[in-house]
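Reviewing the structure listed below.
The values are calculated or read from the model by the stated rules, or taken from the named source; none is laboratory data. Computed from a predicted structure; not experimentally measured. Cβ: placed from backbone, ideal geometry, glycine included. Neighbour counts: every protein chain shown.
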Amino acid sequence: MVEDLIGSRRGLLFILSSPSGAGKSTISRSLLADEPNLTFSVSATTRAPRPNEQDGREYFFKTRAEFEAMIEAGELLEHAEVFGNLYGTPISPVEAAIANGQDVLFDIDWQGGQQIANSTLQDAVVSVFILPPSLAELEKRLKSRAQDSDDIIAGRMAKSMGEINHWSEYDYVLVNRDLDECAAEVTDILQAERLRRRRRPGLVEFVQKLNREFEGSTS
């Protein structure tokens, strides 16, 4: 295959953000199921596990003291406090993945996305913000999840406009009117970004090889 001749590439950091209920987590699961070279960045958090969540799979569940120790030791790529709980991304597994040419998916809010975009790994970042079709639809989706109390849902709705106001900080912005269509658009973005010239260091050598072949055929 031509890609084998071009050589490996450095992985990218693929950030998905949205207000709660706009679809980023569902789209993330779809991407991970369809993309074998995409791995999920497991965040650390101080919030309690939800039913069926496992430590190390959905999150690394930490006490506040443990989380603050990780911050102090410089072990997090980004971190933020959301609804009274701390969330953050351990940096070591992310660095190892992209060095091996594996893409890393982040399902995080705008604060975390902004910190990663301004980090030492910023050249590897591709960011996508997902908007709901309306606030009424957003509230409907939050209620249909049946995961949170009415007070928490009200808090998420109150916070949603502040989150939406950060849309312009992202590389791509999509409106999730239809989940399957939006997921397909996200996949298209991922595939296109993988093919960017600057992400394929072997292209220079490959083109030089073509030039040598051309020179040999005309001599």
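Quick rundown of the values:
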| read-out | value |
| --- | --- |
| Sole exception among (1) out of contact with any Gly (no Cβ under 9 Å at 6 or more places or on another chain); (2) over 28 Å from residue 187 (Cα atoms); (3) surrounded by 19 or more Cβ atoms within 10 Å (Cβ to Cβ) for residue 105, by number | (2) |
| Check on residue 119, touching a residue at least 24 places away in the same chain (Cβ under 8 Å), part of a strand (DSSP E or B) and among the polar types (S, T, N, Q) | no |
| Options 127, 134; residue that is farther than 23 Å from residue 37 by Cβ and of a type in the set (S, T, N, Q) | 134 |
| From the options 186, 173, residue that is in a helix (DSSP H, G or I) and of a type in the set (Val, Ile, Thr) | 186 |
| Residue within segment 199-210 that is under 18 Å from residue 14 (Cα atoms) and modelled with pLDDT under 95 present | yes |
| Segment 155-166: number of residues that are surrounded by 15 or more Cβ atoms within 10 Å (Cβ to Cβ) and part of a helix (DSSP H, G or I) | 7 |
| Residues being free of Cβ contacts under 8 Å to residues at least 60 places away in the same chain, closer than 27 Å to residue 187 by Cβ and surrounded by fewer than 18 Cβ atoms within 10 Å (Cβ to Cβ) - total across segment 32-79 | 9 |
| Filtered residues of segment 162-185 (kept if out of contact with any helix residue (DSSP H, G or I) (no Cβ under 8 Å at 6 or more places or on another chain), over 18 Å from residue 127 (Cα atoms) and in contact (Cβ under 8 Å) with a residue 40 or more places away in the chain) | 177 |
| Residue in segment 145-154 that is modelled with the lowest pLDDT, counting only those that are in a helix (DSSP H, G or I) and loosely packed, with under 11 Cβ neighbours inside 10 Å | 150 |
| Any hit, segment 124-144, residues being out of contact with any helix residue (DSSP H, G or I) (no Cβ under 8 Å at 6 or more places or on another chain), surrounded by fewer than 19 Cβ atoms within 10 Å (Cβ to Cβ), under 30 Å from residue 70 (Cα atoms) and not acidic (Asp, Glu) | no |
| Residue among 212, 200 that is surrounded by 14 or more Cβ atoms within 10 Å (Cβ to Cβ), over 28 Å from residue 80 (Cβ atoms) and of a type outside the set (S, T, N, Q) | 200 |
| The one condition in (1) under 19 Å from residue 167 (Cβ atoms); (2) among the polar types (S, T, N, Q); (3) out of contact with any helix residue (DSSP H, G or I) (no Cβ under 7 Å at 6 or more places or on another chain); (4) at pLDDT 90 or above that residue 102 fails to fulfil | (1) |
